[in-house]
Amino acid sequence: MEIIKDVLVELFSMFVTDMRLTLTTLGLVLVAAIMIMVLQVNSSIVGLILLLGCFAIVVEATVRETKARRKL
């Protein structure tokens, strides 16, 4: 039971530690859902947007973290 608690605490801390990364990812998923459900955009196009958006989010987070570590 202690292992499950440790895993949940670790998962929670991963998502809360970088709030900008979390909110940006949630925003991207929200935009994709709206595109599919409301605007009726082709799912292949939305999938490509999700792929490119996730890549851009990871690159931005990596660049931001690298700049922050250089200042230390």
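The values are calculated or read from the model by the stated rules, or taken from the named source; none is laboratory data. From a predicted model like this one, the values you see are computed outputs, not experimental measurements. Using ideal geometry, Cβ is built from the backbone for each residue, glycine included, and neighbour counts are taken over all protein chains shown.
Among the residues of the range 35-45, not a single one is touching a helix residue (DSSP H, G or I) at 6+ places or on another chain (Cβ under 7 Å), touching a residue at least 12 places away in the same chain (Cβ under 8 Å) and not hydrophobic (A, V, I, L, M, F, W, C).
Cβ-Cβ distances below 7 Å connect the following pairs, each with a first residue in the range 55-72 that is touching a residue at least 12 places away in the same chain (Cβ under 8 Å), a second residue that is in a helix (DSSP H, G or I) and aliphatic (A, V, I, L, M), and a separation of six or more residues or different chains: Ile57/Leu21; Ile57/Leu28; Ala61/Leu21. Look at the range 9-23: where a residue is surrounded by 11 or more Cβ atoms within 10 Å (Cβ to Cβ) and a partner is of a type outside the set (Ser, Thr, Tyr), sitting 6+ places away or on another chain with Cβ atoms under 8 Å, you get Asp18/Ala61; Arg20/Ala61; Arg20/Arg64; Leu21/Ile57; Leu21/Ala61; Thr22/Phe15; Thr22/Val16.
From the list Ile45, Ile57, Ile4, which one is modelled with pLDDT of 90 or more, among the β-branched types (Val, Ile, Thr) and surrounded by fewer than 13 Cβ atoms within 10 Å (Cβ to Cβ)?
Ile45
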